[in-house]
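Bear in mind that the values in this text are calculations on the coordinates, not laboratory data. In this text the structure is predicted, and so the values were computed from the model without any measurement. Cβ: placed from backbone, ideal geometry, glycine included. Neighbour counts: every protein chain shown.
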Amino acid sequence: MSNPEGALSGVRIIDLTDERGIYGAKLLADLGADVVRPEPPTGDPLRSRGPRLATAPEDQQSLWFAFFASSRRFFTLDLSTAEGNNQLQSLIERASIVLTCKDAFGVNEAKLDEALEKRPELIVIDVTSFGNEGPWANYVSSDLVDGALGGAAATTGDADTAPLKFFGELNYMTSGAYTAIAALSALHHTRSTGEGQRVGVPVQQCIASCLEHVLMFYSYNEQFASTDGPILPRRGSLHWSNAYQVMQAKGGSIMITPTPNIEAQLTWLIEEDAFEDLLDPKYMEPENVQLLIQRIMEVLTTWAGEQDVEALFLAAQERHSPYGWVLPIEKVAENPQLAFREWWQDYKIGAETIKGPGAPYHLSENPWQLQHHGHLDDNTDDILKEIGWTNARGNQS
Amino acid sequence: MSRPLDGIRILDFTHVLAGPFATRILGDMGADVVKVNSIDRATGVNLATHPYFLQFNRNKRSLALDMAQEASRAISRKLCDEADIVINNFSVGVLKRWGIDFDTVAETNAGVIYAEMSGMGDTGPWSKFVTYAPTIHALSGLTHLTGVPGREDIGLGFSYNDHQAGLHAVVAILAALEARNRTGKGQRIDMSQFEVGVNFSGPSLLDWFANGNAARPTGNKLPYDHAAPHNCYKCADTIDDSIENERWIAIACMDENQWQAFKNVMGNPDWANSPQFNSAAERVNASDELDQAISAWTLDLEAAEVMEQCQRAGVPAGIVQNGVDLIEKDPQLAAYDFFQPMEGEHPEYGTMTGDRLPLYFSATPCDDYPRTRELGEDNAAVLTDWLQMSPEEYRVHDESGLLK
């Protein structure tokens, strides 16, 4: 059952994704779609992903799964039997959208070409690592490898580290977001015309489309006088503009930038008697903007080292300077802004209720809401009835 | 051929990256995006000639409006009545000062979907805070978590959260569009880029609240699961010590079969059969020794060679590709024409190149990529199409200095 108040109420989705697309299914489910996620009798392998709930070691409740598979209804399918395959077909016959990842559970058995022939209004989203064509179409991958081939890893890390993967599943959260966009834009077209379609979502391209400066440095390199070539090497937190960097303050680190108003930053440093040589007229010459930025970042580094990190952050924001206090996750968990907005939500995991992330957006008419559908087989009888089977497994009504 | 969002009109008051990236995607999918700028107020990356602006504003029409003038604000108010979607990523309150806040617009356009992408959301003690992506990365925990153990000064190498805020705004807008298809009613979307960023640490936040475990950076290791090797390794085609001339390969053995296959790729060396590498958990515990041994092997091979050998054996491996690799060398992206010339000659830059939308619609392909327009280049067309402004009316507005 979908959330009747959700923006996607009434939209039926079958979720045959793995890590590459599961975040997209989550976005759609949390917006109110009825998303059914079939699993093999041995259980979804993603249920073993860590971290796990420490108080439930006996049934290995996965917190990773609780987050990424939120608001789903789960359904066991034995695809080694004719009955299981028929049930999968029955599920697909009732769906508006089928989300797939190449070679994920159920995808090869789903006969989606036939389903599209029978129901031209059906939407099928095909997430692959590299696409279905081309020399790398059959390459195997992971978040780390997709991030490397997609260009993200080369940007991240420092001179004394290897190229780095983002913490967690951030590359696959990019392809997941595109998965949701593909489904919803295709759905809009179906609403307008009655026409369904397939939409390919290659993960590598999703990542390569979200690299901010990388293409710009290649295409317009001559405009960036501070670089020697079309590649900006990984260099810790220093932004491509040279004007944002994490610095050490007393009690912690802080991301500091003199932008967007360098004059205001200079005024602040003057008030603090920490401007050193920044009033030298050479820094005011338009052609010396980069020189000014480089020098002001040096001055800020020295100055920040003498400031209390929290006081500096709040003072900067009071002056409309976009400094950012580098917070560890336990500090994020007690953030006053999130608390004020009552952002945290309750996740029901096993017998426990755990606080966790809330909505990434707030729709005034259709509130985002986590749906709690219980354990793996709690929804089985309902789903079997909905697809025209009796509630005793194996007997079609 | 039609595109999925044909017929949708978007009035775009966005700037820098998060908002323009959202409307670029919507434009790529066929929406008529009218980007409103004041020529006199465009500076830095919002200058129409800045590469940043050129990269993220294709597939939009440009309307220049001097919003300091009341008559311009009146035109923007009329445009809001014609829009399916109004979007901005200004700080809270700017559009209210222009008289085009949601409540005002909804009075005469009940179907409007009004998306606000502020840094912190429209309520709360931090709602007036000024943020860019590096600010959000720092405050949301992403900077602290992405790095190597013992350091919290690395973080993500580009404005990831701006892209993701754009993607999430598109998701919310399309969901609101589906709701409007059902109910006929528009609505307001309050999106906090900070909340988008915090959301990315979902499993770690649950781990903190449930178990009291505070996540810390793990380099290229998985923070919670056993997979090893799982790292980037330097290769023989490293040219010199400068970072841009290094060559790395990412290798990730996600299960036991892949580890066994990888051992075969390496020629089944004795060290790989040491008991300390028997299981994934043991390999993670001995990852320093494991990574050292693998590095010794990859340093004798070119990255492309390692990738090909690994992939032939079913082992996930990929070159750490930089911008030149992606654009000039990657045969997979080339097979998809992922980087392609934008349509039309830019007066200053000529033919521009861009990355295409990474979505492949079978019935409504999104293959049109007109170049970024100069500020005000579409003034006449937009005001004629959207407001049915007569040539005489247009001339009067133009001469009065509103359209700049």
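What the table shows:
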{"item": "Total charge dipole magnitude, chain A, about the Cα centre, Cβ charges on Lys, Arg, Asp, Glu only, Debye to nearest 20", "result": "960"}
{"item": "Charge dipole of the protein assembly as shown about the Cα centre (unit charges at C-beta), most positive-ward option of B:ALA83, B:PHE277, B:LEU47", "result": "B:ALA83"}
{"item": "Helical contribution to [θ] at 222 nm, DSSP H n ≥ 4, -39,500 (n - 2.57), averaged over the protein assembly as shown, rounded to 500", "result": "-10000 deg cm²/dmol"}
{"item": "Dipole-positive endmost among A:LEU292, A:GLN317, A:ALA274 within region A:237-326 (Cβ charges, Cα centre)", "result": "A:GLN317"}
{"item": "Where labels lie 7 Å past Cα in the beta-carbon direction, separation of A:ASN132 and A:ALA56 in nm", "result": "3.7"}
{"item": "Rg/Rh for chain A, where both radii come from Cα atoms and Rh is the Kirkwood radius", "result": "1.05"}
{"item": "5 angstrom amide H check on A:GLN307, placed H, neighbours 5+ away", "result": "A:LYS250"}
{"item": "Hz values of 3J(HN,Hα) by residue in region B:315-323 - Karplus curve (6.51, -1.76, 1.60), Gly and Pro given as x", "result": "9, x, 7, x, 5, 6, 8, 9, x"}
{"item": "Efficiency of FRET between B:THR43 and B:TYR394 - r from beta-carbon atoms, R0 25 angstrom, step 0.05", "result": "0.35"}
{"item": "Inter-part distance where region B:30-59 and region A:1-72 are each reduced to a Cα centre, Å", "result": "39"}
{"item": "Sequence-distant residues sharing a close amide H with A:ARG235 (under 5 Å, placed H)", "result": "A:GLY157"}
{"item": "For the protein assembly as shown, alpha-carbon Rg over 2.2 N^0.38 Å", "result": "0.93"}
{"item": "In sequence order, calculated HN-Hα J values of region A:4-13 (Karplus, 6.51, -1.76, 1.60; Hz; x Gly/Pro)", "result": "x, 8, x, 4, 9, 3, x, 8, 9, 10"}
{"item": "Inter-chain shielding of B:208-221 (mean C-beta neighbours from other protein chains, 10 Å cut-off)", "result": "6"}
{"item": "Debye log10 I(q)/I(0) for region B:230-332, one point scatterer per Cα, at q = 0.15, 0.17 Å⁻¹", "result": "-0.61, -0.76"}
{"item": "Inter-site label distance for A:LEU376 and B:THR351 at 7 Å from Cα along Cβ, in nm", "result": "5.6"}
{"item": "Residue-averaged beta-carbon neighbours from other chains (10 angstrom radius) around B:183-191", "result": "4"}
{"item": "Estimated FRET transfer efficiency when R0 is 45 angstrom, pair A:ASN261-A:ASP78 (beta carbons, to 0.05)", "result": "0.10"}
{"item": "Efficiency of FRET from Cβ geometry, B:HIS50 and B:ARG182, R₀ 45 Å, rounded to 0.05", "result": "0.65"}
{"item": "GNM flexibility winner over chain A from A:HIS213, A:HIS372, A:HIS320 (Cα, springs under 10 Å)", "result": "A:HIS320"}
{"item": "Residue among A:ARG37, A:ARG235, A:ARG319 with the largest mean-square fluctuation in a Gaussian network model of chain A, springs linking Cα atoms under 10 Å", "result": "A:ARG319"}
{"item": "Distance-filtered residues of region B:293-308 - backbone nitrogen under 11 Å, label point 7 angstrom along B:TRP271 Cα→Cβ", "result": "B:293-299"}
{"item": "Cut-off under 5 Å, modelled amide H: who pairs with B:GLN187 long-range", "result": "B:ILE113, B:TYR114"}
{"item": "Long pairs among B:LYS78/B:LYS128; A:LYS26/B:LYS329; A:LYS165/B:LYS234; B:LYS35/B:LYS78; A:LYS102/A:LYS355, criterion Cα-Cα beyond 24 Å", "result": "B:LYS78/B:LYS128; A:LYS26/B:LYS329; A:LYS102/A:LYS355"}
{"item": "Average other protein chain Cβ within 10 Å of Cβ, residues B:350-361", "result": "6"}
{"item": "Most fluctuating residue given options A:SER219, A:SER253, A:SER364, as computed from a GNM of chain A linking Cα atoms under 10 Å", "result": "A:SER364"}
{"item": "Region A:237-326: C-alpha pair distances exceeding 21 Å, %", "result": "22"}
{"item": "Check: region A:237-326 dipole with +1 on Lys, Arg Cβ and -1 on Asp, Glu Cβ, in debye", "result": "320"}
{"item": "Length-normalised contact order of region A:237-326 in % [C-alpha pairs under 8 Å, at least 6 apart]", "result": "41"}
{"item": "Sequence-separation-based contact order of chain B, relative, with Cα cut under 8 Å and 6+ spacing, percent", "result": "19"}
{"item": "Region A:130-206, relative contact order in percent, only Cα pairs under 8 angstrom and at least six apart counted", "result": "34"}
